[in-house]
1. Tell me whether segment 230-240 contains one or more residues that are under 23 Å from Y43 (Cα atoms), in contact with a Leu (Cβ under 6 Å, 6 or more places away or on another chain) and either of a type in the set (G, A, S) or at pLDDT below 70 (or both).
2. Considering only segment 194-203, I want to know if a residue exists there that is within 26 Å of L34 (Cβ to Cβ), buried (at least 19 other Cβ atoms within 10 Å of the Cβ) and not aromatic (F, W, Y).
3. Restricting attention to segment 100-119, which residues are at pLDDT 95 or above and not charged (D, E, K, R)?
4. Within the bounds of segment 1-11, is there any residue that is within 16 Å of R73 (Cβ to Cβ) and in contact (Cβ under 8 Å) with a residue 40 or more places away in the chain?
5. Determine which single condition V219 fails, assuming it passes every other condition in (1) under 27 Å from L20 (Cα atoms); (2) β-branched (V, I, T); (3) more than 18 Å from the chain's Cα centre (by Cα).
6. Being in contact with a strand residue (DSSP E or B) (Cβ under 9 Å, 6 or more places away or on another chain), within 22 Å of G124 (Cβ to Cβ) and assigned to a helix (DSSP H, G or I) is true for just one of L42, L30, L34, L72. Which residue is that?
7. Being closer than 13 Å to N223 by Cβ and at pLDDT below 95 is the filter here, so list the residues in segment 193-210 that pass it.
8. Which residue, of G78, G86, is of a type outside the set (S, T, N, Q), part of a loop (DSSP other than H, G, I, E, B) and surrounded by 13 or more Cβ atoms within 10 Å (Cβ to Cβ)?
Amino acid sequence: MNTQAPIRQYRAIWISDVHLGTRGSKAEYLLDFLRETESEYLYLVGDILDVWRLQKSWYFIQSHNDVIQKILRKARKGTKVVYLPGNHDEIFRDYLGVNFGEIDIVDETIHTTIDGKRFLVLHGDKYDAVVRYAKWLALLGDWAYNWLLRISHVINVVRRKLNRPYWSLSQFLKQRVKTAVQFIGEFENAVVSEAKERGVDGVICGHIHKAEMRRIDDVLYMNDGDWVESCTALVEHYDGRMEILEWTNVRQLALL
């Protein structure tokens with residue numbers, strides 16, 4: 001990987017849905033991102049570790065450990081790191097309010113941008129009816145999603161040999177299947193409604209693995225995506241501008 005470019009400086013960074021502990025996690029790309037960026041604030045917006053998967057079978061390779069160590073080093077060197085557990089790492093909700101290795105563990109928080117805008121930050125699973133009321137169905141969906149990732153990997157190995165760009169089977173299905181589109185819309189509306197009730201300017205979340213930035217009514221909805229397929233992060237520039245970075249495009253990295 002090319003490391004000649006200067007370190008990219010941001011006021012704040014949001015990442016989520018890394019799913020360390022699974023074969024689908026693109027930990028090596030996230031490690032590159034963490035090495036090539038610095039920020040005053042780093043928000044870990046849930047599902048950083050996939051405890052669901054680790055409880056079934058242990059898979060934690062060196063790159064996964066390197067990501068954890070890099071985040072801990074950033075916290076020790078002065079980056080304000082905030083961890084907001086999601087549904088896959090909900091075990092850490094037993095430690096809300098605790099500071100671990102200079103990392104604050106909270107359920108949700110408010111981030112105030114340099115230009116004074118206030119954003120509610122949360123993982124988002126509490127606004128997912130399937131996760132809240134039918135966890136067995138969420139577990140089934142997780143199993144199906146992991147199989148989709150395996151199939152997608154095989155497809156993209158072939159596509160890469162044919163010099164074709166990366167293609168996401170799961171994103172294709174999300175865009176085409178009516179129920180998936182409806183679910184995403186309902187989720188976005190639910191978190192936006194919560195932001196309205198709190199009287200904030202916007203909401204920042206993860207959970208659904210779909211990076212997005214758009215205004216819904218008077219609320220700015222932002223989803224930082226994931227590090228399983230899209231390898232995206234949300235950043236705040238020092239002029240207050242918000243941007244979604246697709247790291248594989250930024251760094252011209254091949255994605256499988």
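1. yes
2. Yes, segment 194-203 contains a residue that is within 26 Å of L34 (Cβ to Cβ), buried (at least 19 other Cβ atoms within 10 Å of the Cβ) and not aromatic (F, W, Y).
3. Once the filter is applied, which keeps residues that are at pLDDT 95 or above and not charged (D, E, K, R), segment 100-119 yields I103, I105, V106, T109, I110, H111, T112, T113, I114, G116, F119.
4. No, segment 1-11 has no match at all.
5. Of the numbered conditions (1) under 27 Å from L20 (Cα atoms); (2) β-branched (V, I, T); (3) more than 18 Å from the chain's Cα centre (by Cα), the odd one out for V219 is (1).
6. Among L42, L30, L34, L72, only L30 is in contact with a strand residue (DSSP E or B) (Cβ under 9 Å, 6 or more places away or on another chain), within 22 Å of G124 (Cβ to Cβ) and assigned to a helix (DSSP H, G or I).
7. H207, I208, H209, K210
8. G86
The values are calculated or read from the model by the stated rules, or taken from the named source; none is laboratory data. Keep in mind that this is a model prediction, so the values were computed, not measured. A quick note on method: Cβ atoms are made from the backbone with ideal geometry, for glycine too, and the neighbour counts reach across all protein chains shown.
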